[in-house]
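Engineer: For reference, the structure I am asking about is given below.
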Protein chains: 2
Amino acid sequence: MIKTITMAHGSGRGLSDLLETVVLPNLLAEQGSVLEDAAVFQTLEGRLAFTTDSFVVQPLEFSGGDIGKLAACGTINDLAVMGAVPSHMSVSLILEEGLEVALLERVLNSLRDVCISCGVNICCGDTKVIDRGSGDGLYMNTSGVGRVAEGLALSAANARPGDAVIVSGDIARHGVAILSQRQNLGFESQVESDCAPLDELCAALLKAVPDTRVMRDATRGGCAAVLNEIAAASGVSIKLDGSAIPVTEAVKQACAFLGMDPLQVANEGTFFAVVPRASVAEARAAIGGGSAVIGTVGEASRFPVTISTEIGGTRPVENPPGELLPRIC
Amino acid sequence: MIKTITMAHGSGRGLSDLLETVVLPNLLAEQGSVLEDAAVFQTLEGRLAFTTDSFVVQPLEFSGGDIGKLAACGTINDLAVMGAVPSHMSVSLILEEGLEVALLERVLNSLRDVCISCGVNICCGDTKVIDRGSGDGLYMNTSGVGRVAEGLALSAANARPGDAVIVSGDIARHGVAILSQRQNLGFESQVESDCAPLDELCAALLKAVPDTRVMRDATRGGCAAVLNEIAAASGVSIKLDGSAIPVTEAVKQACAFLGMDPLQVANEGTFFAVVPRASVAEARAAIGGGSAVIGTVGEASRFPVTISTEIGGTRPVENPPGELLPRIC
């Protein structure tokens, strides 16, 4: 039984042993297929979505998830917000010498369980071993493909003045959970990461509102980064109603303590949708209870994203400079 | 102008700057498209191949290539040996704080140039930054998809007794080049990595011999690992003719000096094909001058892969144990 990763697991028989006794049994729903250089599967005619994400989060396990769950959800969500039905995923591991195999098994199980629940087939992979001191235990890449139904035209460039901006749930939980755990602040007992697959919610929204303009999950840089990207790509402005943005009390307290703006903190299971104003009721019914209409798209202006403040003013919402929250995904 | 990677490049405006001024201009053949969460493109009806590879090679630049060229060729070759025409690639970067941007630009250019030469569209990507001491400058993942023509049935499980084993060129150059450079042995002046895309050669072989049984590029673990995998998956044995295997004098000398078996040393632009014995002439004509018929497939036996020795005997060729050549890809 392999207990820790050694350099011998990087190729040859050592790698075969690691794959056969650890990686494949904990990653795949079914065992026993021949390992080829690439997976080959039948696709249907039409459009394919393709995405990739590497994960370097620290710690590897956190309140509400771990790097495996994050890697599965991250790639599933990037496909889902582009209107795709995620179908196949690759999993590539960079393991540091000395990594505890029990931990590796736990995160592979997490990854597998999300894929099973979403009907995603883990069809190809890769495993590399790096020497002690050249990593932080484990880095992971997932790439994925999925089919996009005809007729959808989702793009960050498609927001139009007059459209409504909807958020699927309360914001900033992932970043707060990670940061709290990393710095032993204690908030993680109250704040769990929102890390979750969004494929069902996105599909439900597209069924209810096929002319949805944009969907985006609000990961690195949080709402601020994503809304600024949408405003820039669409050539519009976005005006947020500060009082409408759902944030839990615990997240508010943590952000106040940490000196962070919840709008700039990462989410891993929360997305924005820009929909025609006339479809707001259908959209909210499809996304469900936690969702909220938080803003309106306007003509391009000097400040691409602004928010109304509690004392009746407005302030610009800027893309965070970038160094506040390293390695949260 | 960004000269070195800092943690600020990991998200927000720092990440946008890095992408816009460094990554995208050096990676993409055409600039200016909107960055979505996933690429969406039209596919043709039929079968799709999907593969992934992470690259942790040290040094990042070596005689005959660099991590960018390696990452492009690795994924293109994994698709090509499965009979696919590589069409789309993802590129995911894990950058260590302190990485010299000039180096990053060089390896991205290498990656791009291979993709342009092979008609592969780099369509999606991801960039993460890790703190100093958590990496070795740069890790890279490429995943890729390509279409597989109807009628092909390539698999490591398809070798049949009586088939011939062909190698596309001389072996063991990649591993020798890397190891020599890493340890300052001086062989790298004579031995360049074979790192190269195999898409054209594989397509030519399949056109000439559509019932080719197996193609495999002989990467980690070299010929020994790949031939043992084919023998195991197909339930056959493989008998190699030691005198027929092409190895350059410089590689022989280096392997003798290093105490390594060239059969266990990695290649990055060399592949094996198992073809029906009757198609050997067509196969060799398609693959070209450097190719050689090096063995025959037999019934399963106690030693899956054996080689005839210079003094008239045979010895088993074993999958290397694994720790000889860490981080060669």
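Engineer: Just give me the residues in region B:37-79 being without any contact (Cβ under 8 Å) to a residue 24 or more places away in the chain and within 18 Å of B:Thr127 (Cα to Cα), in sequence order.
Structural biologist: Residue satisfying the conditions is B:Asp37 alone.
Engineer: Do the conditions hold for A:Leu35, that is, is it at pLDDT 95 or above and over 28 Å from the mean Cα position of the chain (by Cα)?
Structural biologist: So A:Leu35 does not fit the description; no.
Engineer: Specify the residue that is surrounded by the fewest Cβ atoms within 10 Å (Cβ to Cβ); the eligible residues are those in region B:146-169 that are assigned to a strand (DSSP E or B) and more than 13 Å from chain A (Cβ to nearest Cβ).
Structural biologist: Here the answer is B:Ala164.
Engineer: Right, next: Considering only residues that are at the interface with chain A (Cβ under 7 Å from one of its Cβ atoms) and among the small types (Gly, Ala, Ser), which ones fall in region B:27-45?
Structural biologist: B:Ala38, B:Ala39
Engineer: Can you tell me how many residues within region A:13-32 are touching a strand residue (DSSP E or B) at 6+ places or on another chain (Cβ under 9 Å) and within 22 Å of A:Gly144 (Cα to Cα)?
Structural biologist: 6
Engineer: Ok, one more. I'd like the full set of residues that are away from chain A (no Cβ under 14 Å) and among the charged types (D, E, K, R), limited to region B:107-141.
Structural biologist: B:Arg112, B:Asp113
Engineer: I need the strands (runs of 3 or more DSSP E) fully contained in region A:32-145, keeping only those with at least 2 residues that are under 21 Å from B:Leu44 (Cα atoms), of a type in the set (Val, Ile, Thr) and outside the structural domain of A:Lys207 (by TED's automatic domain parsing).
Structural biologist: A:39-43
Engineer: Just checking, does region B:105-117 include any residue being of a type in the set (A, V, I, L, M), touching a residue at least 24 places away in the same chain (Cβ under 8 Å), more than 21 Å from B:Arg216 (Cβ to Cβ) and out of contact with any helix residue (DSSP H, G or I) (no Cβ under 7 Å at 6 or more places or on another chain)?
Structural biologist: Checking region B:105-117: at least one residue is of a type in the set (A, V, I, L, M), touching a residue at least 24 places away in the same chain (Cβ under 8 Å), more than 21 Å from B:Arg216 (Cβ to Cβ) and out of contact with any helix residue (DSSP H, G or I) (no Cβ under 7 Å at 6 or more places or on another chain).
Engineer: Let me ask something additional. When you check B:Ser16 against the structure, is it free of Cβ contacts under 8 Å to residues at least 12 places away in the same chain and under 20 Å from B:Cys115 (Cβ atoms), yes or no?
Structural biologist: no
Engineer: Right, something else. Considering only residues that are touching a helix residue (DSSP H, G or I) at 6+ places or on another chain (Cβ under 6 Å) and crowded, with 24+ Cβ neighbours inside 10 Å, which ones fall in region B:32-54?
Structural biologist: Listed by number, the residues that qualify are B:Asp37, B:Ala38, B:Ala49, B:Thr51, B:Asp53.
Engineer: Under the condition of being under 15 Å from the mean Cα position of the chain (by Cα) and β-branched (Val, Ile, Thr), which residue from region B:201-228 is farthest from B:Pro304 (Cα to Cα)?
Structural biologist: Among those that are under 15 Å from the mean Cα position of the chain (by Cα) and β-branched (Val, Ile, Thr), it is B:Thr219.
Engineer: Go through (1) at the interface with another protein chain (Cβ under 9 Å from one of its Cβ atoms); (2) modelled with pLDDT under 95; (3) surrounded by fewer than 23 Cβ atoms within 10 Å (Cβ to Cβ) for B:Gln58 and report which single condition fails.
Structural biologist: Only one criterion in (1) at the interface with another protein chain (Cβ under 9 Å from one of its Cβ atoms); (2) modelled with pLDDT under 95; (3) surrounded by fewer than 23 Cβ atoms within 10 Å (Cβ to Cβ) is unmet by B:Gln58, namely (2).
Engineer: Taking into account only those residues within region A:234-249 that are within 22 Å of the chain's Cα centre (by Cα) and surrounded by fewer than 18 Cβ atoms within 10 Å (Cβ to Cβ), which is farthest from A:Gly65 (Cα to Cα)?
Structural biologist: A:Pro246
Engineer: Among the numbered criteria (1) in a loop (DSSP other than H, G, I, E, B); (2) more than 13 Å from chain B (Cβ to nearest Cβ); (3) within 30 Å of A:Gly295 (Cβ to Cβ), which one does A:Thr219 miss?
Structural biologist: Of everything listed in (1) in a loop (DSSP other than H, G, I, E, B); (2) more than 13 Å from chain B (Cβ to nearest Cβ); (3) within 30 Å of A:Gly295 (Cβ to Cβ), A:Thr219 misses just condition (2).
Engineer: To continue, here is another question. Would you check if B:Phe50 is at the interface with chain A (Cβ under 7 Å from one of its Cβ atoms) and of a type in the set (Phe, Trp, Tyr)?
Structural biologist: yes
Engineer: Then there is this: Applying the selection to region B:78-92, what residues are buried (at least 24 other Cβ atoms within 10 Å of the Cβ) and more than 7 Å from chain A (Cβ to nearest Cβ)?
Structural biologist: B:Ala80, B:Gly83, B:Pro86, B:Met89, B:Val91
Engineer: Taking the residues in region B:176-200 that are out of contact with any helix residue (DSSP H, G or I) (no Cβ under 7 Å at 6 or more places or on another chain) and part of a helix (DSSP H, G or I) as candidates, determine which candidate is surrounded by the most Cβ atoms within 10 Å (Cβ to Cβ).
Structural biologist: Across region B:176-200, the extreme among qualifying residues is B:Ile178.
The values are calculated or read from the model by the stated rules, or taken from the named source; none is laboratory data. What you see is a predicted model; the values in this text were computed from it and never measured. Note: ideal-geometry Cβ built from the backbone for every residue, glycine included; neighbour counts use all protein chains shown.
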